[in-house]
1. Looking only at Phe46, Phe100, Phe70, which one moves most when the chain is put into a Gaussian network model with springs between Cα atoms under 10 Å?
2. May I have the convex hull volume per residue, in Å³, for the Cα set of the range 71-165?
3. Between 0 and 90 degrees, rounded to the nearest ten: what's the tilt of helix 48-58 against the longest Cα principal axis of the chain?
4. Would you mind computing, in nm to one decimal, how far apart the modelled labels at Asp156 and Ala105 are, each placed 7 Å from Cα along Cα→Cβ?
5. Identify which of Asp43, Asp95, Asp11 has the largest mean-square fluctuation in a Gaussian network model of the chain, with springs joining Cα atoms closer than 10 Å.
6. Ratio to report: Rg/Rh of the range 33-94, with Cα atoms as the point set and Rh obtained by the Kirkwood method; give two decimals.
7. From the alpha carbon gyration tensor of the range 91-141, can you work out the equivalent ellipsoid semi-axes (sqrt of 5 times each eigenvalue) and give them in Å, largest to smallest?
8. With springs only between Cα atoms under 10 Å apart, run a GNM on the chain and tell me which of Arg26, Arg88, Arg51 wobbles the most.
Amino acid sequence: MKVAVYPGSFDPVTLGHLDIIERSARLCDLLYVGVLVNPQKRDALFAWEERVQMLHDATAHLQNVHCECFQGLLATYASQRQAAAIVRGLRAVSDFEYEFKLAAANRHLAPHIETVFMMTSHEYSFLSSSIVKEVAQLGGRVQGWVPEGVAERLADRFLPSGGAGR
Ligand code: ADP
């Protein structure tokens, strides 16, 4: 059985993430989507439990996708899950340098696990969780960028009326 892990902060999950999840789930038997719980990073908008729940709701139609959280080293998490591959998404050239270093570090720590890069679909090439949060905070529309349930949670956070006027 081929297992892969797709790690990230997913704060919150976007349709760009979901596109990578759907495409990579077709290439393996079981895909773990791992939300990194980083106690040092206190500026997350959503608690990790909420982030996992949003991912869980957004991937309910995918039988071989399991969403969960993990702490500590990605290489350790991927080894524990007996993953053959770590999936990462690439948007612009700006992603490359960081991803290149991360892949090299993970290869050093877990040489038996391949990092597999999936190119963004062009309609999501600009999309990041940060852009979604900024736009939502300023009252802009995020429909078409995030799953419906996520748009509702963002409205609850940022719009005083809890979503009226979306
Ligand atoms: P971000 O805050 O950049 O959205 P995450 O840590 O949640 O970041 O991202 C997890 C992974 O998903 C990373 O490999 C990131 O490059 C990738 N990713 C994020 N957004 C997209 C997108 N729109 N298209 C393709 N890959 C993406």
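Laboratory data are not the source of any read-out in this text; all were calculated from the coordinates shown. Nothing here was measured: the structure is a model prediction, and the numbers come from that model. Backbone-built Cβ (ideal geometry, glycine too); neighbour counts: all protein chains shown.
1. Phe100
2. Numbers: hull volume 12.3 nm³, N = 95.
Once divided by residue count, the hull of the range 71-165 is 129 Å³.
3. Its long axis makes an angle of about 90 degrees.
4. Inter-label distance under the simple model: 3.4 nm.
5. Asp43
6. Working: Rg = 13.0 Å, Rh = 13.3 Å.
Ratio of gyration radius to Kirkwood radius for the range 33-94: 0.98.
7. On the way: eigenvalues 179, 30, 16 Å².
Its equivalent ellipsoid spans semi-axes of 30, 12, 9 Å.
8. Of Arg26, Arg88, Arg51, the most mobile in the Gaussian network model is Arg26.
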